[in-house]
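Novice: Sending over a structure as structure tokens; questions will come in a sec.
None of the figures in this text is laboratory data; all of them are computed from the coordinates on show. Note that the structure is a prediction, hence the values are computed from the model and not measured. Using ideal geometry, Cβ is built from the backbone for each residue, glycine included, and neighbour counts are taken over all protein chains shown.
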Amino acid sequence: MTSTDPSLVDLGDLVLAISADHTFLHVGTVEAMLAHLPGGHDDHPDERVVELYDAAGRRLWPVVTAELVVTGFVPGAGPGDPDAVAARVATALELAQQRLTADPDLGRQQSLPTATEVPRPKGSLADVLGALNDELDVRPGPGHRAGWFHNLFHV
């Protein structure tokens, strides 16, 4: 199911993008990822290389056209490792918390109270990705139309 409301997304449709150094993390549908990841828009270039995973912990690889346009993702061969991927997510969230603690202004969002804690969802990898999708709200379209938590991973 594809929806612009993150709470209505099927957990099996979610994609995790995470950098090798764990400083970048995003969760969203394939459509949202294609629009948001480096190369998906020009207003916020990011040179970090990301790895993609599905909610079962399987590594995803890009589907590329002859024109070198990424149109989607397919799982690689072999089983996923949801525990290892969940550990990487936990590391990324810890690093994000360290950035937020070091610079509390990163938690500001318009008229809302300043955030001081990075969300730390619990459960299976699919549950964690679902909760992060709700928090990150990576919406298709140009630019960054999300809140402090989303933008914390662009610092």
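Novice: Mind giving me the FRET efficiency for Asn151 and Lys122? R0 is 22 Å, r the Cβ-Cβ distance, nearest 0.05 is fine.
Specialist: That pair, Asn151 with Lys122, gives E of 0.40.
Novice: Could you rank the peptides 58-68, 76-86, 12-22 by their average count of other C-beta atoms within 10 Å per residue, with the highest value first? Provide the component values of the computation, followed by the final result.
Specialist: On the way: 58-68: 12.1, 76-86: 14.0, 12-22: 18.5.
Packing order, densest peptide first, comes out as 12-22, 76-86, 58-68.
Novice: Between Asp103 and Ala87, what length comes free when the chain is fully extended (0.36 nm per residue of separation minus the Cα-Cα distance, one decimal in nm)?
Specialist: Additional length available on full extension: 3.3 nm.
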